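Structure, as structure tokens:
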Amino acid sequence: MAGALPDGEPVPQDGSLPPDAAASAGKNGFAVYVHVPFCASRCGYCDFNTYTASELGGGASRETYADTVLSELRLAGNAIKPQKVDTVFVGGGTPTLLSADDLGRILDGVAQVWPLSDDAEITTEANPESVTPDYLRKLRRHGFTRISLGMQSSSPAVLKILDRQHTAGRAPQAAREAREAGFEHVNLDLIYGTPGETPDDFAASLRTVIDAGVDHVSAYALIVEDGTRMAARMRRGELPYPEDDVAADRYLAAEEALSAAGFGWYEVSNWATSAGARCRHNLLYWTGGDWWGLGPGAHSHVGGVRWWNVKHPAAYATRLADGVSPGHARELLTDEDRRVEDIMLRVRLAEGIPLAQVDDRGAKQALEDGLLVPEAYANGQLILTLRGRLLADAVIRDVV
């Protein structure tokens, strides 16, 4: 397939793929991602493809969104025929601004187009203030098994700087409500390194997620993206820029607290209480699976072909109303592209990557620098030490 498609080639109007790519769909697992682009308000650090009501304009609405996604699903079903769907992940935005019944209709639509695995993991993201006990119970009845709640911090001051709308206690309360509703797996997301956050603030956030009884925690360093409100505030001097040393200290604090509470890291930014609690959807991304991304701006990958949809919900809806693919452009990953991306992703996993797949000189230097586990190295596997996890990007750069 190498070289069959130039970068940025238009996507065919029917969404079809090259025959060899379509035939290989799901060979290494298959997932469905559904992007919901709606938010009640915009957080100051967010540069995702999301829209508040005032930003949305005409031509798209929450009320008709499920039907629009189902239209893309029908096109997708004509393009590929994977044997089964291993995971479905509804992200955003705030997916739970849609009704539970609409999310259920989308899930039913996936199952009608492609068979769901008997043990399929079905996840939705949610903002804590956007769900109620009754809403969570409805999601469970529709088949959702996992929920990921955006907590970010337990500090009211930090939440204010991040422009989060929920109160400090709402996220752990929502996590407990999700457990009571019958969700098998519950995740809380944290952001660390926010300007003004103290070590005590982050320690309190860690205690909060542990006490909430969740079985999965994600923790990410704050990244300030150009074009966001937070970036503008920093340029004006209203907020200080994040510091790498502070981020490293926070990560070490997370590892210490979470490991003491029975969580084990399985990806640099993710911890789970057991192998079964790990996010299978993300693992499929990280280990070379295929996925179809539904929704405006969603990215997909099948058989080495990667494509992405038009970004604005109105343009997305218009294309589907006209019966054509919402795909904006696509590219073919060369064998070298796929090799490099595989290393970039697998190095971050607790299982690591075979040494035979990486640059030998770079791996030896990383070992000498204390960034790799010596016992694993002796057995032919590259696995990061704790210090290596802090410097994962540097290790990746040296071993590609």
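The values are calculated or read from the model by the stated rules, or taken from the named source; none is laboratory data. If you're wondering where the values come from, they're calculated on a predicted model, not measured in any experiment. Neighbour counts run over all protein chains shown; Cβ positions are idealised from the backbone, glycine included.
State the number of residues belonging to region 194-219 that are within 19 Å of Leu252 (Cβ to Cβ) and surrounded by fewer than 22 Cβ atoms within 10 Å (Cβ to Cβ).
Number satisfying all stated conditions: 10.
Provide a single number: the residues in region 220-241 that are at pLDDT below 90 and buried (at least 16 other Cβ atoms within 10 Å of the Cβ).
4
Quickly run through region 277-309 and pick out the residues that are more than 28 Å from Ala60 (Cβ to Cβ) and among the polar types (S, T, N, Q).
Thr287 - this is the single residue of region 277-309 that is more than 28 Å from Ala60 (Cβ to Cβ) and among the polar types (S, T, N, Q).
Within region 135-247, considering only helices (runs of 4 or more DSSP H) that don't extend past its boundaries, which have at least 2 residues that are over 17 Å from Asp47 (Cβ atoms)?
156-161, 170-181, 199-211
Table: residues versus (1) closer than 25 Å to Gly92 by Cβ; (2) among the charged types (D, E, K, R).
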site: Asp189; (1), (2): yes, yes
site: Gly193; (1), (2): yes, no
site: Glu197; (1), (2): yes, yes
site: Ser205; (1), (2): yes, no
site: His216; (1), (2): yes, no
site: Ile223; (1), (2): yes, no
site: Glu243; (1), (2): no, yes
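Looking at this structure, is Ser300 under 21 Å from the mean Cα position of the chain (by Cα) and not hydrophobic (A, V, I, L, M, F, W, C)?
Taking the combined requirement at face value, the residue satisfies it.
Considering only region 169-186, I want to know if a residue exists there that is touching a residue at least 60 places away in the same chain (Cβ under 8 Å) and over 18 Å from Leu222 (Cα atoms).
Checked region 169-186: at least one residue is touching a residue at least 60 places away in the same chain (Cβ under 8 Å) and over 18 Å from Leu222 (Cα atoms).
Looking at (1) under 20 Å from the mean Cα position of the chain (by Cα); (2) farther than 19 Å from Gly8 by Cβ, find the lone condition where Val310 falls short.
(2)
If Thr96 meets every condition in (1) part of a helix (DSSP H, G or I); (2) surrounded by fewer than 24 Cβ atoms within 10 Å (Cβ to Cβ) apart from one, which number is that one?
Exception for Thr96: condition (2).
Could you check how many residues of region 336-368 are within 12 Å of Val399 (Cβ to Cβ) and either in a strand (DSSP E or B) or out of contact with any helix residue (DSSP H, G or I) (no Cβ under 8 Å at 6 or more places or on another chain) (or both)?
Of the residues in that region, 7 qualify.
Just one of (1) assigned to a strand (DSSP E or B); (2) assigned by TED's automatic domain parsing to the domain that holds Tyr192; (3) of a type outside the set (Phe, Trp, Tyr) trips up Asn282, so point out which.
(1)
Is there a residue being assigned by TED's automatic domain parsing to the domain that holds Tyr65 and over 25 Å from Lys311 (Cα atoms) anywhere in region 89-99?
Checking region 89-99: not a single residue is assigned by TED's automatic domain parsing to the domain that holds Tyr65 and over 25 Å from Lys311 (Cα atoms).
Within region 379-400, work out how many residues are in contact (Cβ under 8 Å) with a residue 60 or more places away in the chain and assigned to a strand (DSSP E or B).
Looking only at that region, the number is 1.
If I ask for residues that are free of Cβ contacts under 8 Å to residues at least 40 places away in the same chain and more than 30 Å from Arg105 (Cα to Cα), which ones from region 131-167 would you list?
Correct list: Pro156, Leu159, Lys160, Thr167.
crowded, with 18+ Cβ neighbours inside 10 Å, out of contact with any helix residue (DSSP H, G or I) (no Cβ under 7 Å at 6 or more places or on another chain) and within 23 Å of Asp200 (Cα to Cα): is that true of Val246 in this structure?
The answer is yes for Val246.
Would you check if Asp360 is touching a residue at least 40 places away in the same chain (Cβ under 8 Å), of a type in the set (D, E, K, R), over 29 Å from Gly93 (Cβ atoms) and surrounded by fewer than 15 Cβ atoms within 10 Å (Cβ to Cβ)?
no
Which residue pairs have Cβ atoms closer than 6 Å, lie 6 or more positions apart in sequence or on different chains, and pair a first residue in region 284-295 that is touching a residue at least 40 places away in the same chain (Cβ under 8 Å) with a second residue that is among the hydrophobic types (A, V, I, L, M, F, W, C) and part of a loop (DSSP other than H, G, I, E, B)?
Listed pairs, sorted by first residue: Asp290/Ala25.
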